[in-house]
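The values are calculated or read from the model by the stated rules, or taken from the named source; none is laboratory data. Quantities reported herein were computed from a predicted structural model and do not represent experimental measurements. Quick reminder, even Gly has a Cβ in these numbers, built from the backbone with ideal geometry, and neighbours come from all protein chains shown.
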Amino acid sequence: MKFNSILFLAFLTVCISCEDYLDKAPEADISDREVFGNFTSFQGWVEEMYSCMANHHAKMAANYHNTFNMPDMMLNTPMFWDDGNYWDDRFLLHDQVPMLSGTSGLMSKSVWPLAWYAIRKANVGLQNIDLLEGTQEEKNLIKGQCLFFRAFYHLELIQYYGGLPYVDNVLDVNEAFSLPRLSYIETAGRVAEDFRAAAELLPMDWKNTNTLVTNSNGVRVTQIHALAYLGKNLLYAASPMMNEASTGVNAYDADLCRQAAAAFAEVIRLSEDASGDCPYYLESWDNWSGIFKRLTAGRNERPGGAEVIQNQMIYEPDFYIYTNFRAQAPVRWSFGNDGTETPTHNYVKYYAMANGLPIEDPGSGYDPNDPWKGREPRFYHDIVYEGTKMIENATTSDAIQFQYAHLHNSGFNRQGSVASGGVNGSVTGYMYWKFMPSKVNFWENGPFNAQAWQPRLRLADVYLMYAEAVFYGYGSAADKYPNAAYTAQQAIEKIRNRAQLSSLPDKYYATGNTPLFNFMETLIRERAVELAFEGFRWFDLRRWNIAGELKYREKYGINFDVNESLVSTEYPTGKPYNFKEVLLTTRVFEKKHNWVPLPTRFTQLYKEFYQNPGW
């Protein structure tokens, strides 16, 4: 079958496109029955919808790492990423030709064209489901996938653009386009209908179906996918920013929260069912690292484990190894063009102490003059700081010289230092470590570069979203969805306890807005740490309607010196001193930045398809 011949016709189904294409069968040179008449061929049609997932957790368009969706988390150099110009081609490239295969395709997928393309494919599939001559199971599998992807790609779009028309049929180019933009909540309601229907049709595990279709690399959609995304869709719709855009009320919609809690509770119940029918479950702490990084240097090994519901390879960041003297650090964190992306100091401060308390708590034991001592386990997994051991087995003289990170003011890992030549170093005093496999350096024969693998959806996120939905749906952290296993507080502590942290005192889960001691602050911190660098931060801050607050726009680094005469096991590069937090940039974020602007040429097709406010 030929599917590539219609790739560019992926743009918005309401756009003026090729009339011949829209009037004819999906592939004009073969019959509908040849495409849709048997399960194998029909599944081939469905497969392309899997390939339409853009890598938006790290970037939204081609060849640039659009970390505007990692707001206070990261600082990029050059710092033009924080200028708020969403019209810049570095951000959008709406009309780029979709790429669905090959390495360049992984780097070149844009949300807008591919989502609409997949929605049309889903509708064509549903329109032709009766042509399938197969078993009822085969029809259910095809229909379930088509319904899932129609919902999924509408959700992909509205997370960025707000409420849109819900396209649930194959549009005819000969008809006048007049589909109005729905409110966010209205669109999410249609999304929810399709996810619910898909959950009834999709299997728990593809290995138990009477087909040859496998779930290689954990990407095949299941009942768990449909239920988890149903909950996420409803929680997003319930969130203050989406609710305000739909109803004018800047607060959670309690009824939608309760509906979201029901979906999440079912996912958790199934994942913890002792029968073992569900292939997804929370990994132990011992296996936590394998969720994010290869444990060997092989390029084709995909991490994820049983916790990742939906996985996808993305090419960001690349860890390039340089062997010239000026940049002979073990690893260079870079996206090319002499740019780097590194964690901010203010974000690193979200990581708690080993006793589980936030560093702001007077009882935490945090020492600003020894800021990396006694921190929680996830800190040491995620963050590279001064003295982090970068080369596990340093045997040669140059490997020994560069085995530890030197991130102090003149260290070779620091941008602007003499040793680094002023390029490709960290401007914040940190680098991140979460996705990097071992031995990615010149001396230990790791790969020349290693791609990061950011889960799109994993169970830890489901537990945290469940907690949020329960709290705002039922009123307190002590509440739970009826007959569910966890209260809101217990669901958060489930994730914290997995990370080897003691449970927080109840005061951290209080209602109200007392600084530090309230549920929302605890949720914000826990999502910041557990989901660090996984691409959810921009979506979270926006939906909570707090992205414009100054503390989420400011980006700090930390400057410090090192006394190299005080080298010890604890301080392998010397004792750091003279710490100073430095404001490096303040991100531009206005009310209009809650939504990405729609491509102008589509807003000019008809008046009902209007531009987002402020753009």
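Only one of (1) within 22 Å of the chain's Cα centre (by Cα); (2) surrounded by fewer than 21 Cβ atoms within 10 Å (Cβ to Cβ); (3) not hydrophobic (A, V, I, L, M, F, W, C) is not met by Tyr184, so which one is it?
It fails just one condition, (2).
Would you say Asn233 is touching a residue at least 12 places away in the same chain (Cβ under 8 Å) and over 18 Å from Leu459 (Cα atoms)?
So Asn233 does not fit the description; no.
Say whether the condition of being surrounded by fewer than 18 Cβ atoms within 10 Å (Cβ to Cβ), under 28 Å from Asn413 (Cα atoms) and touching a Leu at 6+ places or on another chain (Cβ under 7 Å) is met by at least one residue in the stretch 549-563.
yes
In the stretch 335-416, which helices (runs of 4 or more DSSP H) lie fully inside it and hold 1 or more residues that are of a type in the set (D, E, K, R) and crowded, with 17+ Cβ neighbours inside 10 Å?
In the stretch 335-416, 377-382 are the helices (runs of 4 or more DSSP H) which contain 1 or more residues that are of a type in the set (D, E, K, R) and crowded, with 17+ Cβ neighbours inside 10 Å.
How many residues does the stretch 355-379 contain that are in contact (Cβ under 8 Å) with a residue 60 or more places away in the chain and small (Gly, Ala, Ser)?
Final tally of qualifying residues: 1.
Check Thr211 against each of (1) surrounded by 15 or more Cβ atoms within 10 Å (Cβ to Cβ); (2) within 28 Å of Glu137 (Cβ to Cβ); (3) modelled with pLDDT of 95 or more and name the one condition it does not meet.
Only one criterion in (1) surrounded by 15 or more Cβ atoms within 10 Å (Cβ to Cβ); (2) within 28 Å of Glu137 (Cβ to Cβ); (3) modelled with pLDDT of 95 or more is unmet by Thr211, namely (3).
I need every pair where a residue in the stretch 239-250 that is in contact (Cβ under 8 Å) with a residue 12 or more places away in the chain has its Cβ under 9 Å from the Cβ of a residue that is part of a loop (DSSP other than H, G, I, E, B) and β-branched (Val, Ile, Thr), sequence separation at least 6 or different chains.
Hits for this filter: Pro240/Val249; Pro240/Ile546; Met241/Ile546; Asn243/Val249.
Do we have Thr388 as out of contact with any Lys or Arg (no Cβ under 9 Å at 6 or more places or on another chain), within 20 Å of Pro576 (Cα to Cα), modelled with pLDDT under 95 and not aliphatic (A, V, I, L, M) here?
Yes, satisfied.
Within the stretch 567-587, track down each residue that is loosely packed, with under 13 Cβ neighbours inside 10 Å and in a loop (DSSP other than H, G, I, E, B).
Ser568, Thr569, Glu570 - these are the residues of the stretch 567-587 that are loosely packed, with under 13 Cβ neighbours inside 10 Å and in a loop (DSSP other than H, G, I, E, B).
Select from the stretch 460-497 the residues that are acidic (Asp, Glu) and not in a helix (DSSP H, G or I) and list them in ascending order.
Asp479 - this is the single residue of the stretch 460-497 that is acidic (Asp, Glu) and not in a helix (DSSP H, G or I).
So which residues in the stretch 349-359 are within 15 Å of Glu581 (Cα to Cα) and in contact with a strand residue (DSSP E or B) (Cβ under 6 Å, 6 or more places away or on another chain), if there are any at all?
none
Which residues, taken from the stretch 380-397, are farther than 21 Å from Trp443 by Cα and touching a residue at least 40 places away in the same chain (Cβ under 8 Å)?
His381, Asp382, Ile383
Residue by residue through the stretch 171-186, note down the ones that are without any contact (Cβ under 8 Å) to a residue 60 or more places away in the chain and either in contact with a helix residue (DSSP H, G or I) (Cβ under 8 Å, 6 or more places away or on another chain) or β-branched (Val, Ile, Thr) (or both).
Across the stretch 171-186, the qualifying residue is only Leu182.
Look at the stretch 489-505 and say how many of its residues are of a type in the set (Asp, Glu) and in contact (Cβ under 8 Å) with a residue 40 or more places away in the chain.
Residues flagged as of a type in the set (Asp, Glu) and in contact (Cβ under 8 Å) with a residue 40 or more places away in the chain within the stretch 489-505 amount to 0.
Could you list, in sequence order, all residues of the stretch 499-523 that are surrounded by 19 or more Cβ atoms within 10 Å (Cβ to Cβ) and assigned to a helix (DSSP H, G or I)?
Within the stretch 499-523, Tyr508, Tyr509, Phe519, Thr522, Leu523 qualify.
Would you pick out the residues in the stretch 282-301 that are touching a strand residue (DSSP E or B) at 6+ places or on another chain (Cβ under 7 Å) and either at pLDDT below 65 or β-branched (Val, Ile, Thr) (or both)?
Narrowing the stretch 282-301 to residues touching a strand residue (DSSP E or B) at 6+ places or on another chain (Cβ under 7 Å): 291-292.
The one that is touching a strand residue (DSSP E or B) at 6+ places or on another chain (Cβ under 7 Å) and either at pLDDT below 65 or β-branched (Val, Ile, Thr) (or both): Ile291.
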